[in-house]
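Structure first, commentary second.
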Amino acid sequence: MFEYINMGDVILSAVIISIIAVRYGFDAFKKERDDLSISVSKFTLVLVIAALIAPFGFSAMTKSSIKTNLKLFKKNKELQCSTPSEKYSVSSKSDWSISGDTFFKGALFIRADKCELLQK
């Protein structure tokens, strides 16, 4: 599952945690008797936990997307896959094959999570 973690999500989570830590000067983890500071502490703790969990949620969605697209390909459905510069129509009828979590044709490899079912 770790191979699907987007490093951008990890960096974004680290930035969010850093901003929160600097903003509140690590007061979120001190025990205060004031109700306002306790609610801020709880809110900050929830944000930190969410920022830590988010990359794993995104990687699970990516893995699910890959499995779905591979199943569609095996059912001879046509997928539209994109790279940063091009879009390709991918199907077993047009001589595409599966290699791990990618589709390939000749020297071109496209990740299966970069595809969607082609609507005709």
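The values are calculated or read from the model by the stated rules, or taken from the named source; none is laboratory data. All values reported here derive from a predicted model rather than from experimental measurement. All Cβ positions, even for glycine, are placed from backbone atoms using ideal geometry, and neighbour counts span all protein chains on display.
Worth a mention:
- Region 27-75, residues that are in a loop (DSSP other than H, G, I, E, B) and at pLDDT 90 or above: K75
- Filter pass, K93 being free of Cβ contacts under 8 Å to residues at least 24 places away in the same chain and either assigned to a strand (DSSP E or B) or not β-branched (V, I, T) (or both): yes
Yes/no matrix, rows are residues, columns are (1) surrounded by 13 or more Cβ atoms within 10 Å (Cβ to Cβ); (2) in contact with a helix residue (DSSP H, G or I) (Cβ under 6 Å, 6 or more places away or on another chain); (3) of a type outside the set (K, R):
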| position | (1), (2), (3) |
| --- | --- |
| L52 | yes, no, yes |
| N69 | yes, yes, yes |
| Q80 | yes, no, yes |
| S92 | yes, no, yes |
| G100 | no, no, yes |
| K105 | yes, no, no |
| I110 | yes, no, yes |
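- Taking region 60-97 as the range and being hydrophobic (A, V, I, L, M, F, W, C) and closer than 14 Å to K114 by Cβ as the test, the residues that pass are M61, I66, L70, L72, F73, L79, C81, V90, W96.
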